[in-house]
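Reviewing the structure listed below.
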Amino acid sequence: MASEIKRIGVLTSGGDAPGMNAALRAVVRKGIFHGLKVFGISRGYEGLIHGEIEEMSIGSVADIVLRGGTILKTARSAEMMTEAGQQKALDQLHKQQIDALVVIGGDGSFRGAQTLAKGIQIVGIPGTIDNDIAGTDLTIGFDTATNTVIDAVSKIRDTATSHERTFIVEVMGRDCGNIALQAGIACGAESILVPEIPYDLDEINEKLKRGHQRGKNHSIIIVSEGAGSAYKIGEELRSRSGFETRITILGHLQRGGNPSAQDAVLAAAMGGKAIEIILAKETNRMTAYVNQAVISSPLEVAYGMRRPLNRSLYDLANQLSI
């Protein structure tokens, strides 16, 4: 680690999440405020390996605080998974005399950062819509993505009511059901299917029938993509219940859009905290939101294990949708 931190790099990696730009803006401006030179690295680790590095100014992050996506762009990098690729990335950082690297992304991005820790100071900022990173109560982008789902389901429910149909809404969450769970509770979904907990289609079918018997003529079922195909689930329920079903897959719609106020503020606070960690010469750390405060936490916590689903909240959802 350099005796005096003068030059830092910042990149965004993995899936984009609303609020990444707000975090980037905070890193750049607070870094410059403290006399650091800040270098933006385009296209994540792939761009780092190929030397796509440019110095950033106060003006280069103007008007991005409420813009979705990431102006630095992001890309997958198979080469970064090799020792040769990791050495190329480290060589590029040394070539630019960069003393510390801020990585905004998920647990996979943090694993990539860890491979560079032997030669440079590393700080991670958790940015992922899945909210599945251990050690932090919230990740940048989760609140916005959840609200995007809620808005979509609200519109779908109008159609479901008008046509007396059951709608199966598939949301993102290959390994994690947090978006489905939070959105499902917020919009009163009749059933929520997540990859962490087994489900029984017969039980869901019986719930639909009970609702129909008491005069309910429409239903919303939210499915995390990792819990199964919405098309197959919809067909199974149609054949068992006889009710008309329709499928909506929200897909990448959930990644885009302006960040919510919560995500924008969280991103700013985490970006600022990352600079404080760097100035304190701490390494292998990440910013974390714990008990309504942004703190410094060991980076290894983030990829040691996945943040577990809130089982009590899941049970509550089932109790409220009897």
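Rule-based calculations on the coordinates, nothing more; no lab input. All figures in this text were calculated on a predicted structure; none of them were measured in a lab. Here the Cβ positions follow ideal geometry from the backbone for every residue, glycine too, while neighbour counts run over all protein chains shown.
What order do you get for 72-85, 42-55, 100-113 when each peptide is scored by the mean count of other beta carbon atoms within 10 Å, highest first?
Details: 72-85: 16.1, 42-55: 20.1, 100-113: 25.6.
Going from most to least packed, we get 100-113, 42-55, 72-85.
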Separation between the residue 322 and residue 199 pseudo-spin-labels, each 7 Å from Cα along Cα→Cβ, expressed in nm? 2.1
Given an 8 Å cut-off on Cα distances and at least 6 residues of separation, report the relative contact order of segment 143-255 as a percent. 40
Arrange the peptides 285-293, 269-277 so that the one whose residues have, on average, the most other Cβ atoms within 10 Å appears first. 269-277, 285-293
Once a ≥ b ≥ c are taken as the square roots of the eigenvalues of the Cα gyration tensor of segment 1-75, is the result rounded (a/c under 1.5), prolate (a/b larger than b/c) or oblate (a/b not larger than b/c)? oblate
Net length gained if the chain between residue 206 and residue 300 were fully extended (0.36 nm per residue, minus Cα distance): 29.4 nm
If I take every Cα pair under 8 Å that is 6 or more residues apart in the chain, average their sequence separation and divide by the length, what percent do I get for the relative contact order? 23
Bins of 5 Å, beginning at zero and ending with the bin holding the largest distance: percent of Cα pairs per bin for segment 143-255, please. 2, 13, 25, 27, 19, 10, 3, 0
Rounded to the nearest 20 Debye, what is the dipole magnitude of segment 217-317 about its Cα centre when Lys and Arg each give +1 and Asp and Glu each give -1 at the C-beta? 80
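Per residue, how big is the convex hull of the chain when only Cα atoms are used? Give it in Å³.
Working: hull volume 39.0 nm³, N = 322.
For the chain, the hull spanned by Cα atoms encloses 121 Å³ per residue.
Could the peptides 306-315, 212-221 be put in order, highest first, of the mean number of other beta-carbon atoms found within 10 Å of their residues?
Numbers: 306-315: 14.3, 212-221: 15.9.
So the order, starting with the most tightly packed, is 212-221, 306-315.
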If I take every Cα pair under 8 Å that is 6 or more residues apart in segment 1-79, average their sequence separation and divide by the length, what percent do I get for the relative contact order? 42
Straight distance only, please: which aspartates and glutamates reach the Cα of residue 118 with their own Cα at less than 16 Å, same-chain residues fewer than 8 apart left out? 83, 91, 99, 282, 300
When the charge dipole of the chain is computed with +1 at the Cβ of Lys and Arg and -1 at the Cβ of Asp and Glu, the Cα pointing farthest to the positive end, of 27, 239, 181, is that of 27
Under 10 Å, Cα contacts only: if you run a Gaussian network model on the chain, which one of 63, 130, 175 comes out with the highest mean-square fluctuation? 63
Size of charge dipole - segment 143-255 - debye, nearest 20, with Cβ of Lys, Arg +1 and Asp, Glu -1, no other charges: 360
